[in-house]
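Only one structure is covered here, and it is reproduced in the block below.
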Amino acid sequence: MSQPDENPPSLLAVRLAELEAANQAYVRYIREKTNQLLEVMGTRALESEELDEEALIEMDPIGIVAQSFQQILAHLNQTIEELQEAKAGERELREFYLTEKMKLATLIESLSEGLLVLDEQNRVVSCNRAADEITQWLATDSLGKTLEALFPEMEAVLRKNACDLQSFELTFRSRQGADRLLSANVTRLRDSEGRAAGRVVTFRDSTEEKRRTELFHRTEKLAAIGQLSAGVAHELNTPLGSVLGYARLLLKDKTLSPAQRAWAEIIAEQVKKSSGIIQGLLRFARQSNPARRCLEQCRINEIIKLTLPLLATEMAKRKIELETDLQPLPPIIGDPRELEQVVLNLTMNALQAIGTKGRVRITTRHAGSRVVMKVEDNGPGIAEQIRSRIFDPFYTTKPLGEGTGLGLSICSGIVSDLGGTLDVTSVEGQGATFILSLPAATEASAELGKSDSRQAARRMGAGRE
């Protein structure tokens with residue numbers, strides 16, 4: 001029988017060796033996973049001498065991972081909250097900008113002045129409703145067009161002068177062919193860095209304003225000249241009457257030689273012409289004297305029909321055709337004799353402007369509370385540079401001896417005193433149109449007219465006494 005080994009390994013030693021091997025494997029596993037975690041976190045891996053095996057076992061890498069995930073989750077939650085706050089702030093900011101944009105758009109659309117926004121190439125990128133109404137464009141027609149295509153006169157000025165323009169006046173022809181006077185301002189647009197980004201053009205229709213200003217100055221001028229004319233006419237009438245009387249006496253003298261008789265006839269003829277001018281001055285001065293007027297209800301169509309036959313011979317001699325289109329009209333308040341003079345002067349003015357072979361058209365219409373008469377001719381028209389002067393006393397473009405320059409002044413004064421307006425539109429080379437506008441009679445104005453007529457009749461009666 002064999003003898004057992006003297007020092008057999010004990011079971012305990014074997015077990016310890018197995019546990020040591022397992023422990024080493026576990027340490028390697030923990031170190032490997034810890035280094036992977038550090039790598040994900042962007043930290044360098046552990047060296048073998050930095051942590052011993054016991055320290056690695058006590059680290060609890062699962063707890064570290066769990067804690068790291070908790071930190072990441074907290075960071076994500078914080079980021080989500082910040083994004084939600086930023087989104088809410090962005091929404092509020094967007095609503096604020098949209099509200100401000102709507103306010104600005106409403107403000108621009110409510111402007112009575114036209115507004116154009118131009119880019120750097122002077123193309124229209126935006127316009128408001130007033131711009132459409134003043135110029136009678138359609139917005140789709142103006143968008144994308146250059147300033148030169150819309151306002152050539154303004155474009156020419158901007159090429160010479162790059163700075164802003166203030167109260168720049170230009171003439172614009174509307175879609176209907178009417179010339180309108182515009183007052184415009186041009187301002188540079190700049191971006192947030194101060195660089196040029198285009199232009200803003202604002203403009204308004206100053207046609208009526210200019211007309212009213214001219215009418216006001218014209219009325220003041222006529223009133224002053226009327227007072228002066230009355231005094232001058234009365235002072236000249238007496239000596240001229242004496243000269244004419246003596247000239248006629250000389251013509252009755254049969255002992256005069258032919259040359260002396262011719263000289264006396266020239267004197268008499270020139271005195272008659274001077275007397276005609278003085279009578280015009282007196283008529284002109286009489287405009288501002290209500291005592292000489294007999295206001296009553298009258299109908300402009302009837303006055304036209306009574307006046308035109310007086311010019312039949314003149315029209316036939318000049319071979320000028322007359323057209324009339326007289327619409328039914330309400331009565332007006334005025335002096336029939338003065339209104340006859342206005343119709344006669346305006347029609348005669350048209351005949352003289354045409355010369356020979358032409359057409360004169362007289363139309364009337366009822367426009368709201370106004371009665372409108374137009375006298376249109378196809379003569380040479382009126383040059384723009386003299387258009388504002390044709391109502392001035394003694395201003396005339398007619399040949400010497402054909403006119404005194406008082407006709408239109410007298411007409412303007414008569415119409416103005418009746419609360420009306422007398423305007424002219426003309427395209428040079430295409431004729432002229434004189435537009436007379438008078439207020440239609442109301443019951444109150446009719447009573448006023450009757451009262452003025454009675455007072456005038458009483459004054460005339462008292463004068464005869």
Inset, instruction - Taking only segment 198-210 into account, find how many residues are surrounded by 15 or more Cβ atoms within 10 Å (Cβ to Cβ) and outside any loop (DSSP other than H, G, I, E, B). - result: 9
Inset, instruction - Would you point out the residue of segment 374-394, among those that are acidic (D, E) and more than 10 Å from V360 (Cα to Cα), that is modelled with the highest pLDDT? - result: E384
Inset, instruction - Could you please let me know if F96 is aromatic (F, W, Y), surrounded by 10 or more Cβ atoms within 10 Å (Cβ to Cβ), assigned by TED's automatic domain parsing to the domain that holds R188 and without any contact (Cβ under 8 Å) to a residue 60 or more places away in the chain? - result: no
Legend entry - Cβ pairs under 6 Å, 6+ apart, first in segment 230-253 and under 21 Å from I410 (Cβ atoms), second of a type in the set (D, E, K, R) and modelled with pLDDT of 80 or more: none
Inset, instruction - Scan segment 277-308 for residues that are among the basic types (K, R) and either at pLDDT below 65 or not assigned by TED's automatic domain parsing to the domain that holds L322 (or both) and jot them down. - result: R283, R286, R292, R293
Legend entry - Index of the failed condition, A197 passing every other in (1) in contact with a strand residue (DSSP E or B) (Cβ under 6 Å, 6 or more places away or on another chain); (2) at pLDDT 80 or above: (2)
Legend entry - Hits in segment 99-152 (condition: under 25 Å from R195 (Cα atoms) and assigned to a helix (DSSP H, G or I)): E100, K101, L104, A105, I108, L147, E148
Inset, instruction - Scan segment 419-439 and report the pairs whose first residue is of a type in the set (D, E) and whose second residue is buried (at least 17 other Cβ atoms within 10 Å of the Cβ), with Cβ atoms within less than 6 Å and a gap of 6+ or a chain change. - result: E428/G381
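The values are calculated or read from the model by the stated rules, or taken from the named source; none is laboratory data. Remember, predicted model here, so these are calculated numbers, not experimental data. Positions of Cβ are backbone-derived with ideal geometry, glycine not excepted, and every protein chain shown enters the neighbour counts.
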